[in-house]
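Following: one structure in structure tokens, then a few remarks.
The values are calculated or read from the model by the stated rules, or taken from the named source; none is laboratory data. Model, not experiment: these values are computed from the prediction. Neighbour counts are summed over all protein chains in view; Cβ atoms, including those assigned to glycine, are modelled from backbone coordinates with ideal geometry. Ligands, DNA and RNA are excluded from the accessible area calculation, which covers all protein heavy atoms including side chains. Shrake-Rupley method; radii C 1.70, N 1.55, O 1.52, S 1.80 Å.
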Amino acid sequence: RQRGEAVRAAGLGMLRVVCLFAVFDAVCLLDSGMLFPRESPSREVKELNGLWDFRADDSTNRNQSFERAWYKKRLAETGPVIDMPVPASYNDITQDAALRDFIGWVWYEREVVVPARWISDEGTRVVLRVGSAHYFSIVWVNGVKVTQHAGGHLPFEVEIGSLIRKDPTTPCRITIAVNNTLNLDTLPPGKIQYMEDRTKYPEGFFVQYIYFDFFNYAGIHRPVLLYTTPKAYVDDITVVTDFLDNAGLVKYKVSVQGAATGTISVTLKDKDGRSVASSSKPSGVLKVEDVNLWWPYLMHENPGYLYSMEVRTHIHVKDMYTLPVGIRSVAVTSTQFLINDKPFYFHGVNKHEDSDIRGKGFDWSLIVKDFNLLKWMGANSFRTSHYPYAEEILQMCDRHGIVVIDECPGVGIKDIRSFGNASLAHHLDVMDELVRRDKNHPSVVMWSVANEPASEMPPAEFYFETLIKHTKDLDPTRPVTYITDSNYARDKGAPFVDVICVNSYFSWYHDSGHLELIPLQLNNQFENWYGKYKKPIIQSEYGADAVPGLHSDPPVMFTEEYQNIVLQSYHSVFDQKRKQYVIGELIWNFADFMTVQGLTRVVGNKKGVFTRQRQPKRAAFILKERYWRLANETGRLGLPPSNHQCHAVKYPW
Ligand code: BDP
């Protein structure tokens, strides 16, 4: 049997290597790259994080700021401003409930001292980059509009050198207006409704409806920075990796802007800085003998191995950019998910970017704490439910070997109008931006194009066929999925996905309180989906709310005991089905998180196995025990037996 598997895997390997060469004909309409800004001998980075001036436009028509052109002068001259930290959501920073729940334009402004050399040196490009701002942003520099961007979870940037050179004596005033209004064509979609009954609502009263279960935090969520490149610069790099026997293959393509490609050099270095392969061509294949593959956490004693690809241009002024590269392969069969030809079982979590005070604001302390918790509990993977997370988080995943299902913000596509052409066009754009940003991360092993859309509606078939085909055209090397909760027989998009991802909440949203039904219902769920589609299945969400410290035996909903029994009942079915075609289990949710106020939420969603402050509920220990056991059983180290005792895969106790 083992040999059979090996032969099949070798066949897949050859096929993959052939596919590898077709990959760069991707159909992305974006005309520039979005490399993560990094310092190098030719590039400087200046962070603009800290306090910005802030003012919300709370005029009745929500448009006074544009009528009065707030961007033309200093924000403080238009009216009262407050301090606002960047990055952070603005919602929970003040004591003002109106700002917490604000819908409309908010304005951020900051004056920046630009280093004199950046201004005097005409050969320097100065780029303003926003890591993310939710949802729609317009940016001005010294009162001149420089760019705008739709979408809350992906970066955008613009070159501003010529503008700041116009009058080097004026400070560089950056104004960013951000609007969090969601409509039927935004991603995620939403709807604004004006309330007309004057006996109940004052003039102009409106409500933002959303169809997703997390607080619609807004503001500048990720770092804002200025960075430089020379005029002729490395604009984009794409790498696709594989291996044959013990040789790693790195197919790469470099695009240079601002000059004909000219001479470039590409050097791949190992962790110790030794060159292992090089080339002087803008595209090609680097061959790495005795390769150190990129392995997931707990699948190898040395997970997350990264090479460094140094790309240099040698056109009058030199540019240099270094890209971390992990060499690994990904493939899917009808019953397995393979990483480096070895079956990989996802035992992990769903997360949110969410915490007290900062909301969805980027915070290194929180990120490092979360990674420590993930590793403590033996999680080898997570899904970026329900939107792309900060690039810095994916870099952590690359380095620590945490496997990622990378999800776009297609959550809450429930209204039939959100399946129309405008919505689809925007969704395709968002996938372009997402793949452009995340394509080089070895940790990203699958794209998820949506969460729980109304996939039974007739237009869903065309919508998902188009969306998934487009995503595969962008990146033929990774499987594509969307997350479903609907009836297997009516799901219009399922034929197009590579892996079936199912969410279910037995004994919670259905048959509340009937824990005894979980085995029957879960078993049928798996049999039905597999029977119909013959594709591997991930339980992409399951769980139950537990208010920390609330106890009851026999268990009652919302107690820690009830959450535990739900988990354990699911686990016993997973243990049968993972021997067949179930390839993963992701708990909903890693930590409690904030939602809109409503009858089913007691200060947010309490399905976390950690509290919002990252303290464990009892369920965290149940998962910890299970995940370490799974790691020991399914980790498949691929090492000689003596090495199986290595520290990384032993029980921590
Ligand atoms: C799922 C959604 C998730 C919710 C969860 C819940 O995908 O966003 O938070 O239900 O209700 O259906 O807890």
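Count, please, the residues in the stretch 411-444 that happen to be of a type outside the set (A, V, I, L, M) and more than 30 Å from residue 242 (Cα to Cα).
10
Taking the residues in the stretch 122-154 that are charged (D, E, K, R) and crowded, with 17+ Cβ neighbours inside 10 Å as candidates, determine which candidate is farthest from residue 51 (Cα to Cα).
Taking the candidates together, the pick is 125.
Can you confirm whether the stretch 277-295 contains a residue that is open to solvent by less than 30 Å² (accessible area, probe 1.4 Å), farther than 30 Å from residue 628 by Cα and either among the charged types (D, E, K, R) or at pLDDT below 95 (or both)?
Checked against the condition, which is being open to solvent by less than 30 Å² (accessible area, probe 1.4 Å), farther than 30 Å from residue 628 by Cα and either among the charged types (D, E, K, R) or at pLDDT below 95 (or both), the stretch 277-295 yields no hits at all.
Here's a check for you: in the stretch 495-517, which residue that is more than 16 Å from the ligand (Cβ to nearest atom) and in contact (Cβ under 8 Å) with a residue 40 or more places away in the chain is farthest from residue 561 (Cα to Cα)?
The residue in question is 498.
Suppose we keep only residues that are part of a loop (DSSP other than H, G, I, E, B) and of a type in the set (Gly, Ala, Ser) within the stretch 544-583. Which one would you say is nearest to residue 527 (Cα to Cα)? Let's see the steps before the verdict.
To start, the set of residues in the stretch 544-583 that are part of a loop (DSSP other than H, G, I, E, B) comprises 544-545, 547-557, 559, 578-581.
Then drop every residue that is not of a type in the set (Gly, Ala, Ser), which leaves 544, 549, 552.
Details: 544: 23, 549: 36, 552: 33 Å.
My answer is 544.
Suppose we keep only residues that are free of Cβ contacts under 8 Å to residues at least 24 places away in the same chain and more than 28 Å from residue 333 (Cα to Cα) within the stretch 518-557. Which one would you say is most open to solvent (accessible area, probe 1.4 Å)?
553
Please specify each residue of the stretch 406-428 satisfying the condition of being within 16 Å of the ligand (Cβ to nearest atom) and either open to solvent by 10 Å² or more (accessible area, probe 1.4 Å) or among the hydrophobic types (A, V, I, L, M, F, W, C) (or both).
408, 411, 413, 414
From the list 327, 357, pick out the single residue that is touching a residue at least 40 places away in the same chain (Cβ under 8 Å), part of a loop (DSSP other than H, G, I, E, B) and surrounded by 24 or more Cβ atoms within 10 Å (Cβ to Cβ).
Details: 357 fails: surrounded by 24 or more Cβ atoms within 10 Å (Cβ to Cβ).
Among 327, 357, only 327 is touching a residue at least 40 places away in the same chain (Cβ under 8 Å), part of a loop (DSSP other than H, G, I, E, B) and surrounded by 24 or more Cβ atoms within 10 Å (Cβ to Cβ).
Would you check if residue 423 is among the hydroxyl-bearing types (Ser, Thr, Tyr), part of a strand (DSSP E or B) and either closer than 23 Å to residue 131 by Cβ or more than 15 Å from the chain's Cα centre (by Cα) (or both)?
No, not satisfied.
Every residue in the stretch 92-124 that is among the charged types (D, E, K, R) and touching a Lys or Arg at 6+ places or on another chain (Cβ under 6 Å), please.
In the first step, residues of the stretch 92-124 are kept if they are among the charged types (D, E, K, R); the result is 92, 96, 100-101, 109-111, 117, 121-122.
The one that is among the charged types (D, E, K, R) and touching a Lys or Arg at 6+ places or on another chain (Cβ under 6 Å): 111.
Any chance you could count how many residues in the stretch 491-503 are crowded, with 19+ Cβ neighbours inside 10 Å and assigned to a loop (DSSP other than H, G, I, E, B)?
Initial filter on the stretch 491-503 (crowded, with 19+ Cβ neighbours inside 10 Å): 491-494, 496-497, 499-503.
Of the ones still in play, those that are also assigned to a loop (DSSP other than H, G, I, E, B) are 491-493, 497, 499.
Final tally of qualifying residues: 5.
Which numbered condition trips up residue 540, out of (1) among the small types (Gly, Ala, Ser); (2) within 16 Å of the ligand (Cβ to nearest atom); (3) more than 24 Å from residue 490 (Cβ to Cβ)?
Only one criterion is unmet by residue 540, namely (3).
Which of the following residues is within 16 Å of the ligand (Cβ to nearest atom), within 31 Å of the chain's Cα centre (by Cα) and farther than 21 Å from residue 58 by Cβ: 182, 187, 225?
187
Out of the stretch 451-490, which residues are away from the ligand (no atom under 14 Å from the Cβ), assigned to a loop (DSSP other than H, G, I, E, B) and either of a type in the set (Asp, Glu) or at positive phi (or both)?
Residues satisfying the conditions are 456, 475.
Confirm whether residue 367 is assigned to a helix (DSSP H, G or I), away from the ligand (no atom under 16 Å from the Cβ) and more than 16 Å from residue 584 (Cα to Cα).
Yes.
Take the stretch 244-266 and flag every residue that is in contact with a Lys or Arg (Cβ under 8 Å, 6 or more places away or on another chain) and over 13 Å from residue 323 (Cα atoms).
Of everything in the stretch 244-266, those that are in contact with a Lys or Arg (Cβ under 8 Å, 6 or more places away or on another chain) and over 13 Å from residue 323 (Cα atoms) turn out to be 247, 248, 249, 258, 259, 264, 265.
Could you list, in sequence order, all residues of the stretch 473-491 that are under 20 Å from the mean Cα position of the chain (by Cα) and either farther than 19 Å from residue 384 by Cβ or modelled with pLDDT under 95 (or both)?
Matches in the stretch 473-491: 473, 476.
Looking at the stretch 274-283 only, could you name the residues that are outside any strand (DSSP E or B) and either touching an Asp or Glu at 6+ places or on another chain (Cβ under 7 Å) or farther than 14 Å from residue 311 by Cα (or both)?
Passing the criteria: only 274.
Report yes if some residue within the stretch 259-273 is touching a strand residue (DSSP E or B) at 6+ places or on another chain (Cβ under 9 Å), part of a strand (DSSP E or B) and touching a residue at least 60 places away in the same chain (Cβ under 8 Å); otherwise report no.
No; the residues of the stretch 259-273 include none that is touching a strand residue (DSSP E or B) at 6+ places or on another chain (Cβ under 9 Å), part of a strand (DSSP E or B) and touching a residue at least 60 places away in the same chain (Cβ under 8 Å).
State whether one or more residues within the stretch 429-447 are within 16 Å of the ligand (Cβ to nearest atom), in contact with a Ser or Thr (Cβ under 9 Å, 6 or more places away or on another chain), touching a residue at least 40 places away in the same chain (Cβ under 8 Å) and in a strand (DSSP E or B).
no
Hey, among 547, 499, 449, which residue is among the hydrophobic types (A, V, I, L, M, F, W, C) and in contact with a Cys (Cβ under 9 Å, 6 or more places away or on another chain)?
449
Any residue that is modelled with pLDDT under 95, open to solvent by 30 Å² or more (accessible area, probe 1.4 Å), polar (S, T, N, Q) and not in a strand (DSSP E or B) - is there at least one of those in the stretch 190-208?
no
Of all residues in the stretch 371-403 being in a loop (DSSP other than H, G, I, E, B) and away from the ligand (no atom under 16 Å from the Cβ), which is farthest from residue 594 (Cα to Cα)?
401
From the set of residues in the stretch 590-627 that are open to solvent by less than 10 Å² (accessible area, probe 1.4 Å) and assigned to a strand (DSSP E or B), which is nearest to the ligand (Cβ to nearest atom)?
The selected residue is 605.
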